[in-house]
Amino acid sequence: MQRVASLVAAFEHIARTRMAGVPLLHAALRTEAVGFQPQADDDGEAGLLGVLVTPWFMNLLWLPGAQAAPLALGATRPRRLGGETLSFLGGEEGGCRFEACSLFSPMFEFADQHAARAVALAALGHLRQPQAAAAVTAAPVVKAAPAPASAAPGVPTRRGLLFGRRAAKAAR
């Protein structure tokens with residue numbers, strides 16, 4: 001997992017240098033790699049999947065396996081994970097090539113690191129479901145149910161997270 005450690009170090013450096021003093025930094029958050037582990041996408045390509053949380057964004061990251069050619073910098077491609085098709089963008093930092101799928105930016109709707117980590121783990125849990133189970137949970141919903149009263153205000157639901165809707169919008 002040296003590649004993941006290199007990415008964390010690179011984004012910590014960016015936070016201290018290029019991003020220092022930028023108003024969109026959330027002071028209660030820090031750079032953290034969440035849940036990185038080997039996984040095959042729905043087409044069988046091997047890689048490492050996890051979430052990178054920084055004070056200014058949360059991205060789903062795919063690090064291609066040794067046998068895969070990395071996506072060109074700035075190029076996009078769809079990747080199927082857990083029955084979902086997500087758009088990834090080729091990037092590189094700290095000498096590590098990766099594909100990124102933006103989940104959140106900026107990060108002000110998260111109260112703290114714990115809340116950001118919980119959402120990252122929920123997204124990964126959804127994308128790591130077996131494909132058959134994901135197809136069942138992705139069935140069309142005629143009317144969205146309101147968010148449970150126990151849901152923290154401002155924290156997106158898992159469905160909202162994966163489909164770009166905030167909790168308030170998803171509950172309508």
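No lab work stands behind these numbers, since they all come straight from the coordinates. For clarity, every value in this text was computed on a predicted model and none was experimentally measured. All Cβ positions, even for glycine, are placed from backbone atoms using ideal geometry, and neighbour counts span all protein chains on display.
Per-residue answers, yes or no, for (1) touching a His at 6+ places or on another chain (Cβ under 6 Å); (2) among the hydrophobic types (A, V, I, L, M, F, W, C):
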residue	(1), (2)
VAL51	no, yes
PRO55	yes, no
LEU63	no, yes
LEU73	no, yes
ARG79	no, no
LEU86	no, yes
CYS96	no, yes
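Could we say that GLY50 is among the small types (Gly, Ala, Ser), in contact with a helix residue (DSSP H, G or I) (Cβ under 8 Å, 6 or more places away or on another chain) and closer than 25 Å to ALA122 by Cα here? Taking the combined requirement at face value, the residue satisfies it. Considering the conditions (1) outside any loop (DSSP other than H, G, I, E, B); (2) touching a residue at least 24 places away in the same chain (Cβ under 8 Å); (3) of a type in the set (D, E, K, R), ARG30 is excluded by exactly one of them, (1). Report the residue count in segment 71-83 for those that are surrounded by fewer than 16 Cβ atoms within 10 Å (Cβ to Cβ), touching a residue at least 12 places away in the same chain (Cβ under 8 Å) and of a type outside the set (A, V, I, L, M). Residues meeting the conditions: 4. One residue alone among LEU124, LEU86, LEU63 is more than 21 Å from MET1 (Cα to Cα) and either crowded, with 17+ Cβ neighbours inside 10 Å or out of contact with any Asp or Glu (no Cβ under 8 Å at 6 or more places or on another chain) (or both), and that residue is LEU86.
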